[in-house]
1. Check Tyr146 against each of (1) at pLDDT 90 or above; (2) open to solvent by 70 Å² or more (accessible area, probe 1.4 Å) and name the one condition it does not meet.
2. Considering (1) modelled with pLDDT of 90 or more; (2) over 30 Å from Met98 (Cα atoms); (3) buried (at least 16 other Cβ atoms within 10 Å of the Cβ), say which one Val155 fails and leave the rest.
3. Among the residues that make up region 176-187, is at least one of them surrounded by 11 or more Cβ atoms within 10 Å (Cβ to Cβ), out of contact with any His (no Cβ under 7 Å at 6 or more places or on another chain) and free of Cβ contacts under 8 Å to residues at least 24 places away in the same chain?
4. So is Gly165 open to solvent by 30 Å² or more (accessible area, probe 1.4 Å), more than 30 Å from Arg12 (Cα to Cα) and in a loop (DSSP other than H, G, I, E, B) or not?
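The values are calculated or read from the model by the stated rules, or taken from the named source; none is laboratory data. What you see is a predicted model; the values in this text were computed from it and never measured. Cβ sites come from the backbone with ideal geometry, for glycine too, and all protein chains shown count toward neighbours. Note: accessible area is taken over every heavy atom of the protein model, side chains too, but ligands, DNA and RNA are not part of it. Shrake-Rupley method; radii C 1.70, N 1.55, O 1.52, S 1.80 Å.
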Amino acid sequence: MLGKKLVTAQKRGETRALCLGLGMVACSMMMYFFIGITIVPFYTKSVWTTETMCKVLKTNIKDKVLCPNSKGSEDEDIFPYPCLQVWVNLTALGQEVMLYQTEDTLERNPKCSYVPDKLENSKEVKARIETIASNFKKYHTFPCYYDPGGTQTNVILSRLYPPKGLLFAFLWPTLMFTGGCLIIVLVKISQYVSVLSAWQ
């Protein structure tokens with residue numbers, strides 16, 4: 001009687017462990033799919049792939065301009081802000097080009113190097129842009145990214161999704177997938193050993 005209870009409890013434990021492993025594998029597949037349709041397209045579309053050094057040539061802040069956000073945005077999302085323009089010397093090519101914060105900055109407003117988030121307090125936006133401009137004047141040389149193919153004649157300060165960030169995004173689903181597969185394999189081995197012991 002006790003032996004039957006132990007066998008029943010073992011089968012229940014194996015079933016739960018097997019469901020856990022399958023659930024982990026299914027969740028990891030969903031995470032892979034989500035990353036594949038959100039992060040990977042932005043990474044592959046970016047042409048600013050080569051890192052080099054940029055030297056600031058001039059910075060200026062123009063009068064307030066409207067932020068023409070991406071297509072499909074409502075009118076309430078368009079707000080005025082001071083336009084910061086930063087021109088740098090691209091060391092790799094020796095050209096004078098305009099600097100943008102990220103790829104998204106160029107798409108939102110190609111006239112400005114920095115596009116702030118929408119804030120109700122315009123003084124905060126102005127103070128932030130002035131701080132960024134002073135930092136560029138203080139640190140003249142810094143790493144930046146340019147398009148080696150020459151499609152884009154400008155540079156960006158940082159990539160939205162660098163290679164390290166993409167690898168980090170794939171790390172968690174990979175660990176979950178590996179753990180789920182490991183649990184399934186261990187359950188199958190346990191079942192095989194149980195059947196072998198019962199046969200002997």
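1. Condition (2) is where Tyr146 drops out.
2. All conditions are met except number (2).
3. yes
4. no
Here is a yes/no grid of residues against (1) within 23 Å of the chain's Cα centre (by Cα); (2) more than 24 Å from Leu182 (Cα to Cα):
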| position | (1), (2) |
| --- | --- |
| Gly21 | no, no |
| Cys27 | yes, no |
| Ile35 | yes, no |
| Thr38 | yes, yes |
| Pro41 | yes, yes |
| Thr44 | yes, yes |
| Lys55 | no, yes |
| Ile61 | no, yes |
